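The values are calculated or read from the model by the stated rules, or taken from the named source; none is laboratory data. Worth saying up front: this structure is predicted, and the values here are computed from it rather than measured. Positions of Cβ are generated from backbone atoms using ideal geometry, with glycine treated the same way; all protein chains shown enter the neighbour counts. When the accessible area is computed, the model is the full protein with side chains, heavy atoms only, and any ligands, DNA or RNA have been set aside. Shrake-Rupley method; radii C 1.70, N 1.55, O 1.52, S 1.80 Å.
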Amino acid sequence: MLASNINRRRSIYRFPDEVLARILKLASYKEDAVFGVIVDEAGIKHLCLTCRRFHDIVISSSGFWSNITIQKKTRITRRRIALAGDLPLEVCIGSLPEEGLDAIIERRHQWRSLKIFDTSIVDEVDDYPELSFDAVVDFELHASCELESNIGRFFSMWSFENLKRLSLFGD
């Protein structure tokens, strides 16, 4: 028991929660071949299961949840959005969720950056007409060649008033 207490005083447990949150956040990223650096959902789960203190820090630190990669699993996405609180969001759409984009569209006023890898979203523009993404300053669209005919329609229906960087990538 005494040795355990001595080790705790000399270990990572002596860091304040704010410092420990930054360390744990760095440990929660992984490199993805398609998306670049993203939050590792499994890594966050492992951090939460490490000990009660790590769990409490991860769940209560909204910074862990501000990078949102949208896949078909919208349940995880909705949870991440809720846990992000009012922080600016970095949104990456890898594949269009079965439920559509409603879960994330309602928080578009928080989007700081948007990356779209699923070109089928351009076909869905008609489902979300005349949206403004005023908070987005960085927008990337990774598109295929057949998308070129629809790109004008995409930008005419959605506005990006404060956009500072636009990147278009094609095949």
Where a residue in the range 142-168 is within 16 Å of residue 91 (Cα to Cα) and its partner, wherever it lies, is modelled with pLDDT of 70 or more and polar (S, T, N, Q), with Cβ under 6 Å and at least six apart: none
Condition check for residue 168: part of a strand (DSSP E or B), surrounded by fewer than 13 Cβ atoms within 10 Å (Cβ to Cβ), within 21 Å of the chain's Cα centre (by Cα) and at pLDDT 70 or above: yes
Of all residues making up the range 8-57, the number that are farther than 30 Å from residue 139 by Cβ, modelled with pLDDT under 80 and outside any helix (DSSP H, G or I): 1
Residue, modelled with the highest pLDDT, within the range 91-124, restricted to residues that are open to solvent by 60 Å² or more (accessible area, probe 1.4 Å) and more than 17 Å from residue 161 (Cα to Cα): 106
Of residues in the range 125-142 being within 18 Å of residue 69 (Cβ to Cβ) and assigned to a loop (DSSP other than H, G, I, E, B), the one modelled with the highest pLDDT: 136
